[in-house]
Structure formats: structure tokens, C-alpha cells
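What follows draws every value from the coordinates through simple rules; no lab data is involved. Bear in mind the structure is a predicted one, so any value in this text is a computation, not a measurement. Please note: Cβ atoms are built from the backbone with ideal geometry, for glycine as well, and neighbour counts cover all protein chains shown.
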Amino acid sequence: MKGVLLSGGTGSRLRPITHTGPKQLVPVANKPVLEYAIEDFKDAGITEIGVVLGNKGRDEIQELLGDGSEYGVDITYIVQGNPLGLAHAAGCARDFVDGDDFVMYLGDNILKEGITDLVESFRVGDYGAGIALQEVDNPQQFGIADVDDDGTVTELVEKPDDPPTNLALIGMYVFSADVFDAIERLEPSWRGELEITDAIQLLLEDGHDIDSHVVTGWWKDTGKPEDILEANRLVLEETELTREGSIAAGAQTDGRIGLAESAEIEDGAVVRGPVSIAEGTTVKEGAYVGPYTSIGPDSTIEDAHIENSVVIGESEITASGRIVDSLLGRNANVQSADELLPEGRRLVVGENSQLRL
């Protein structure tokens, strides 16, 4: 079985962060989102992975992943070009798949329990496809599956006005090679895209059984700033965090703190975990780094109070007062202004930004 990892898309909901880079490389707990998917493939025993690239961020993604050897996998790059729908992206991988079964994984998703159970369930049956599902509160905004008591899918509907269930397709799929014939027969939806939900429905109408696996742990689509922050919180809650860097005797630390070897917490700084602080970063006197915060590499935090936030890296945060629930792009510079300040700020700051607060 092979893996197909979708890494195109414009990331419009994450602007301005994605004006200068692909959304799949935004870090969660100081690790690019895309790497979580690679780990899930490997854990499921899938080491041949095709990475589907769009028009944006190709070089950055290839620079990060390389040939896959650093992750213990073998990566082939597939160019989709313009994003014309998930089914179109899958169809671009036909030559790479070469008749095998394959898992398709949306590269901006993070799944707590991984894909091993989904893959194993598909392998023991005779299915045209397998889909990961999760109960949602707003089924009108998703592709929705109706299933029987055995978990076999009976109907699929894209963003229905009257949903038959609240079981949403969440971005992880297993396919037999028969899906490519279904994709060739698709017509664009009202969105002008080839919908993967329609392709699975065609498989169903052709007489293929469709397996389903209901995900009970958390799942996050990291397409919006608030999703990045929540995913960061969820991962920090459960990830093993290791202190390797320098903590001064006069610093105050509490809780689980991930501190890279070349990072340091200086005298007079306060850090309360769970927190992840990347290589080359310094938390200086007067700084408070609160729970559920990730500070990326080569950054400086001084005189600032920051919590429940993600700083992507190469940034200088010296603004006094509280920064909360914020996503700060690479090379952001946040300083204090002279005027009296309100309590608390919520920010989404793009790369190379200059702010005075």
C-alpha cells in the first residue's frame, strides 16, 4: 500500500501567514503540520509516499521533506498545479500508485490516533474505499456519510442541507485503484472542483463496498488561525517534552517544558508549561511565557507576557503587556508603543511584520 499526501491548496483562510509560505509548513508544537502526516504513514507501515504539490510552496516543501530518508520513508513528488479539487489531486497520483491500494491524507490535518486502524480495517475486507469519519456539530459544512450497523457506507452527500447523519469525512481515505476510473467520470461540482465525495459515491453506485472508521480521538483541520492554536494546545497536552537547554537559577519554571539544546531561559524569566521553545531562542528577564505556547527557532522574548500562542520563529517580541491567543509569522517584530495599553491582544501577524503595541 502506498501513501498520497496532498500538499497543495492556497491556504486563503490562514492569510497573511500563507502569503509567504504553504499552510502545511505552519508549525504545531514547533513541528510542521506536514510532518505529523508523514509519521502517521510510517506508523501504519506505509513508506512509499507521493507528495502532491500545488503552484505555491513547492520549493519549501521539497526542501523540508527531501527524498524522505530523514523520516525513514521514500518520497516522490507529484505536481498538481492549480487546485481543482481533492479528486483531481488524487487523479494526479495515478501513475505513482500504479495499480496499488493507497491512503490519501490531507496535509493540513492532524489526527490524534493516526491512520493505522483505518488502514487495517480496509486491508481485512474487500472494499473500493475506506473513509475516516467523525461526529460533528455542523454536518451541513462537510461531506457526510450514512452507514449501516456494520459500518458499511450506504450514501455520501457533500454539504447537505438536510444531513442524514452527523458523520463527517475528515480528510483521510483509503482507495483501491478503481477510484481512478470513477474520477475520470466526474463532472465539476458547483464549486468548479472534482469532489472526492462524488468519486466515492460513484464507487458505491458501481457496487463497491465502502468501509468506514469512526475516529473517537481529536482531529483538527489546521486551515484557520484558531485551528492552529487549538491543535498546538492539543499536541502540547500529550507530547513528551524534553528540557535540553539552559535554565538560569533565577528563572521560574513550572509544568512540562520542551526546551531545545541551544535555547535558554534567563534570570528573571517565567515559563509555565506545557510550552515548546525551539533551538536558538532566548526567554529573557521580564518575560512570561504561559501555557500552550510554542516559540519557534531563533527568537527573543523579553518583557512580554505571551500565552496560548504560536510564534513561528526568527522573531523578536519585546512588547510589554499581554499577548494571548495569537499566531505570529516568521521574522515578526513586536515592540511597545508609548501610549497606555488595553489589557490583552489577539493577533495574527504575517511574516516580516513590524508592530508597535
Subject >> Pairwise label distance in nanometres, Glu70 with Ala177, each label 7 Å out on the Cα-Cβ vector >> reply: 3.3
Original post:
How much length is gained on full extension from Asp98 to Glu237, taking 0.36 nm per residue of separation minus their Cα-Cα distance?
Top reply: 46.0 nm
**OP:** Tabulate in residue order the Karplus-calculated ³J(HN,Hα) for segment 133-138, using 6.51 cos²θ - 1.76 cosθ + 1.60 with θ = phi - 60°, rounded to whole Hz; enter x for Gly and Pro.
**Re:** 10, 8, 5, 10, 8, 10
**OP:** Can you tell me the order of 251-257, 68-74 when each peptide is scored by its average per-residue count of other Cβ atoms within 10 angstrom, highest first?
**Re:** 251-257, 68-74
**OP:** Express in whole angstrom the spacing between the alpha-carbon centres of segment 43-89 and segment 296-320.
**Re:** 31
Original post:
Given H placed 1.01 Å from N in the peptide plane, which residues other than close sequence neighbours of Gly50 have an amide H under 5 Å from its amide H?
Top reply: Gly3, Val4, Leu5, Thr76
Subject >> Tally of Lys pairs whose C-alpha atoms are under 24 Å apart, taken over the chain, 8 or more apart or cross-chain >> reply: 26
**OP:** Using packing as a proxy for protection, rank 157-163, 181-187, 88-94, 101-107 so that the peptide with the highest average count of other Cβ atoms within 10 Å comes first.
**Re:** 101-107, 88-94, 181-187, 157-163
**OP:** Rounded to whole Hz and in sequence order, give me ³J(HN,Hα) for segment 303-312 from the Karplus expression 6.51 cos²θ - 1.76 cosθ + 1.60, θ = phi - 60°, writing x for Gly and Pro.
**Re:** 6, 10, 10, 9, 8, 6, 9, 10, 10, 5
**OP:** Pick out, from Ile115, Ala319, Pro274, the residue whose Cα sits farthest towards the positive end of the charge dipole of the chain, with +1 on the Cβ of Lys and Arg and -1 on the Cβ of Asp and Glu.
**Re:** Ala319
Original post:
Magnitude of the Cβ-charge dipole of the chain, K/R +1 and D/E -1, about the Cα centre, nearest 20 debye?
Top reply: 1360
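Where both partners of a DSSP beta bridge lie in the chain, what percent of those bridges are antiparallel, to the nearest 5?
Numbers: 21 of 80 bridges.
In the chain, approximately 25 percent of DSSP beta bridges are antiparallel ones.
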Original post:
Residue by residue, what Karplus-based ³J(HN,Hα) values in Hz, rounded to whole numbers, does segment 212-223 have, using 6.51, -1.76 and 1.60 with θ = phi - 60° and x for Gly and Pro?
Top reply: 9, 9, 7, 7, 9, x, 6, 9, 9, 8, 8, x
Subject >> Amide H contacts of Ser299 (H built 1.01 Å from N, under 5 Å, at least 5 apart or other chain) >> reply: Thr281, Thr282, Glu314, Ser315
Original post:
Taking K and R as +1 and D and E as -1, what net charge do the other residues with C-beta under 10 Å from the C-beta of Ile49 add up to?
Top reply: 0
**OP:** Note down the net charge around Ser246, summing +1 for each Lys or Arg and -1 for each Asp or Glu among other residues with Cβ under 10 Å from its Cβ.
**Re:** -3
**OP:** Please compute the net charge surrounding Ala263, taking Lys and Arg as +1 and Asp and Glu as -1 over other residues with Cβ under 10 Å from its Cβ.
**Re:** -4
Original post:
P(r) of the chain in 20 Å steps, Cα pairs, percent per bin?
Top reply: 29, 51, 19, 1
